[in-house]
1. Regarding region 125-136, can at least one residue be identified that is at pLDDT 95 or above and more than 16 Å from the chain's Cα centre (by Cα)?
2. Could we say that Leu130 is in contact with a Phe, Trp or Tyr (Cβ under 7 Å, 6 or more places away or on another chain), in a helix (DSSP H, G or I), surrounded by 19 or more Cβ atoms within 10 Å (Cβ to Cβ) and not acidic (Asp, Glu) here?
3. Can you name the number of the only condition in (1) crowded, with 17+ Cβ neighbours inside 10 Å; (2) without any contact (Cβ under 8 Å) to a residue 24 or more places away in the chain; (3) farther than 30 Å from Asp120 by Cβ that Asn91 fails?
4. Just to confirm my filter: which strands (runs of 3 or more DSSP E) fall fully inside region 52-95 and include at least 1 residues that are more than 23 Å from Tyr129 (Cα to Cα) and polar (S, T, N, Q)?
5. Quick check on my filter: what residues within region 99-110 are assigned to a strand (DSSP E or B) and either crowded, with 17+ Cβ neighbours inside 10 Å or on the phi > 0 side of the Ramachandran plot (or both)?
6. Give region 111-127 a look and list any residue that's of a type outside the set (Asp, Glu) and surrounded by fewer than 21 Cβ atoms within 10 Å (Cβ to Cβ), or say none.
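The values are calculated or read from the model by the stated rules, or taken from the named source; none is laboratory data. Note that the structure is a prediction, hence the values are computed from the model and not measured. A quick note on method: Cβ atoms are made from the backbone with ideal geometry, for glycine too, and the neighbour counts reach across all protein chains shown.
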Amino acid sequence: MRRFLRVLTGLLLIPLAGLDPGLAQETGERGSQQNAGFELRQNYPNPFNPETRIPFSLGDELFSGGEPVVVSIRIYNVLQQLVASPTALHNPGSDGFPVSDMEYERPGDYEAYWDGRDLDGNQVASGVYLLQLTVNGRSNVIKMFVTK
């Protein structure tokens, strides 16, 4: 069954909604972008049920102009349909709000939280989901797995 899901996921990772399937990393690999100034790390636990945390880093070079950095985190299903936007953890002034065009004032390590629910508040099904971190218009995507 697990092998079937991997094959199916590989076949479905086509650029339908602007996601670049070439950026999707296998589970356990780090999803960093070279010279982008940010790093998306693998969510933990992974696989998970029902909730997970999403660590990411914002480097000093992103803040060299003195402006805040704009960050969005989105979760898509394998059909690349938007499923959810996780909430910020430990970000002063926006803790608990969805990470959608959220401004970060300083470099550092951050986390987001996803409760495994879709935009309508329903628990998502088991399967593969794509996690996209966008920082100042540049994106990185990794895979994560929900199990029941």
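1. yes
2. So Leu130 does not fit the description; no.
3. Checking Asn91 against (1) crowded, with 17+ Cβ neighbours inside 10 Å; (2) without any contact (Cβ under 8 Å) to a residue 24 or more places away in the chain; (3) farther than 30 Å from Asp120 by Cβ, the one that fails is (3).
4. In region 52-95, there are no strands (runs of 3 or more DSSP E) which contain 1 or more residues that are more than 23 Å from Tyr129 (Cα to Cα) and polar (S, T, N, Q).
5. Met102, Tyr104, Gly108, Tyr110
6. Tyr113, Gly116, Arg117, Leu119, Gly121, Asn122, Gln123, Val124, Ala125, Ser126, Gly127
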